[in-house]
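What follows is a short report on a single structure.
The values are calculated or read from the model by the stated rules, or taken from the named source; none is laboratory data. For clarity, every value in this text was computed on a predicted model and none was experimentally measured. Here the Cβ positions follow ideal geometry from the backbone for every residue, glycine too, while neighbour counts run over all protein chains shown.
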Amino acid sequence: MLSSHVLASLLSLASLHGFVVADIGSAISGVANLLAGYLGDVLIFVLVIAGYLYMTSIGDAQNGVHAKRAIGAAVAGGILVAVAVNFGPTLARLFQK
């Protein structure tokens with residue numbers, strides 16, 4: 001019962017954003033690509049804010065360390081999202097065979 005509700009909401013979310021949904025795999029792929037796009041926007045926002053904090057931390061070493069950590073975390077998160085988006089379809093093809 002719950003799985004059919006989840007499937008219906010995935011299909012409606014994917015079709016709401018202009019995706020043509022043929023099966024559950026394409027629905028999940030569409031939603032994953034949509035989320036990756038939003039996470040890319042968040043990544044750029046965090047990098048801009050952390051870069052600004054790093055540039056304005058000239059006199060305070062502690063703020064510089066926090067800004068460097070935020071930049072590192074944002075880059076690591078971006079790499080993780082990129083790997084997940086590119087590895088997901090490969091993993092799905094492996095389990096279909």
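From the residues in region 50-90 that are part of a helix (DSSP H, G or I) and polar (S, T, N, Q), which one is nearest to Gly40 (Cα to Cα)? First the steps, then the outcome.
Filtering region 50-90 down to residues part of a helix (DSSP H, G or I) leaves 50-55, 61-90.
When the remaining residues are screened for being polar (S, T, N, Q), the result is 62-63, 86, 90.
Values: Gln62: 28, Asn63: 25, Asn86: 14, Thr90: 21 Å.
Selected residue: Asn86.
For Gly51, indicate whether it is at pLDDT below 75 and either surrounded by 13 or more Cβ atoms within 10 Å (Cβ to Cβ) or touching a Pro at 6+ places or on another chain (Cβ under 6 Å) (or both). If you could, list the steps in order and put the result at the bottom.
Working: at pLDDT below 75: no; either surrounded by 13 or more Cβ atoms within 10 Å (Cβ to Cβ) or touching a Pro at 6+ places or on another chain (Cβ under 6 Å) (or both): yes.
So Gly51 does not fit the description; no.
All but one of (1) modelled with pLDDT of 90 or more; (2) part of a loop (DSSP other than H, G, I, E, B) hold for Leu43, so report the exception by its number.
Exception for Leu43: condition (2).
Filter region 54-97 down to the residues that are surrounded by fewer than 13 Cβ atoms within 10 Å (Cβ to Cβ) and under 14 Å from the mean Cα position of the chain (by Cα), then identify the one that is farthest from Gly30 (Cα to Cα).
Ala73
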